[in-house]
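K.L.:
Provided herewith is a single structure, encoded as structure tokens, for subsequent inquiry.
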Amino acid sequence: MNHSIRGGVGSIRWGALLFSVPYTLLWARALVNDGRDASAILLVVAHGAALLWGLAWSDKVDVSRSISPRAGALQRWTLLGADPIAPAVAILGFFAITPALALLAVDWRAGAAVGAMLVGLALFATSRRSRKFSMAEALLPLIILVAPALVLGEGPRWSAPEGESPASELFGAAVYGATFLGAVALGLIVLFAALRDRVRDLADGLATTATRAGERGASFVAALWLSAVVALASMGCGWGWWSWAVPAAAGLGAAWCAGAMARADWRAAAIRAAMSHAPLAAALALTAA
């Protein structure tokens, strides 16, 4: 394997699949229950590939503008050259477009959900340099999770159990709740990354929540955001949407992140938030009703 291929593979943000696969599995389960098995399989593959492609494209644009990729739990110093990223964009583009087109042919609403995410990621990737990350902690979760779930879940069922109208919504409250909880968790990681990169962002002329509100203001927002993750996880458990494992994972992860926040160690906070999301996402995927 030559250097550019190795660099391309290494530049892919594989960890982003934790914000795709657990949630698309919940969406896919609803599709399977509706008799749309082929759509379910294609949705999981298309969403994951499209997410990796969109992030790789965004990183490539950032590098072409002489800034290192932002908004990730890890600082990707190895991505300062444009060449390693180019193969990743090309390869992921093929694996994203092919299942997306197949999904559009099999189930137009599911294809539209993935298409909405692709359009959103493309707009994010190519948006103006100075403003690109100004609301990234809200925009990225909206593009990656919330918008596709709304496009897919608001559509009517193809079939329904006896006594239930086929026109009822595909998703139940638990699926929407789990997706929204994942979106909040993703936004928290992006916000921690903005706090970590605040000095570099100021030097590069980038507008973020941390550069506009300052470290104190942004850290206050992060504390509220972290509390929201625990509150949503606990409320969902109380409403019977998922098991006690979800608030347990959220609470332990929040305590772990709070330790780094107390020291203003935003690099550690971003990494801990990303790592603690893994058991949270697994618990949601396994227990959400």
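K.L.:
Could you tell me what a quarter of the Cα convex hull surface of the chain works out to, in nm² with one decimal place?
P.N.:
The Cα convex hull of the chain, projected and averaged over all directions, gives 14.8 nm².
K.L.:
While we're here: In nanometres, what is the gap between the two model label sites at Ala122 and Met135, each 7 Å from Cα along Cα-to-Cβ?
P.N.:
Modelled inter-label distance: 2.2 nm.
K.L.:
At a threshold of 8 angstrom on Cα-Cα distance, excluding pairs fewer than six apart, so keeping six or more, what relative contact order does the chain reach in percent?
P.N.:
Across the chain, relative contact order equals 20 percent.
K.L.:
Between the DSSP loop rule and a limit of at most 15 other Cβ atoms within 10 Å, which trypsin sites (Lys or Arg not before Pro) in the stretch 192-289 are left?
P.N.:
Passing both the DSSP loop test and the Cβ count: Arg263.
K.L.:
Among Leu206, Ala30, Gly238, whose Cα sits farthest toward the positive end of the charge dipole of the chain (+1 at Cβ of Lys/Arg, -1 at Cβ of Asp/Glu, about the Cα centre)?
P.N.:
Of the options given, the answer is Leu206.
K.L.:
Assigning unit charges at the beta carbon (Lys, Arg +1; Asp, Glu -1) and nothing else, what dipole magnitude in debye, to the nearest 20, does the chain show about its Cα centre?
P.N.:
Dipole magnitude for the chain comes out near 1020 debye.
K.L.:
Classify the stretch 98-249 as rounded, prolate or oblate from the Cα gyration tensor: take a ≥ b ≥ c as the square roots of its eigenvalues, call it rounded if a/c is under 1.5, otherwise prolate when a/b beats b/c and oblate if not.
P.N.:
It comes out oblate by the Cα gyration axes.
K.L.:
If exposed means no more than 16 neighbouring beta carbons inside 10 Å and the site is in a DSSP loop, what's the longest run of the chain without any exposed GluC sites (Glu not before Pro)?
P.N.:
1-153
K.L.:
Ok, one more. What net charge is computed for the residues neighbouring Leu206, neighbours being all others with C-beta under 9 Å from the C-beta of Leu206, Lys and Arg scored +1, Asp and Glu -1?
P.N.:
+2
K.L.:
Here's another thing I want to ask about it. Just to be sure I understand the model, the point goes 7 Å from the Cα along the line to the Cβ. What's the resulting Ala90 to Thr287 distance in nm?
P.N.:
4.6
K.L.:
Calculate for the chain the 222 nm mean residue ellipticity that helices alone would give, adding -39,500 (n - 2.57) per DSSP H run of length 4 or more and normalising by residue count, nearest 500 deg cm²/dmol.
P.N.:
It lands at -24000 deg cm²/dmol.
Rule-based calculations on the coordinates, nothing more; no lab input. Remember, it's a predicted structure, so these values are computed and weren't measured experimentally. Backbone-built Cβ (ideal geometry, glycine too); neighbour counts: all protein chains shown.
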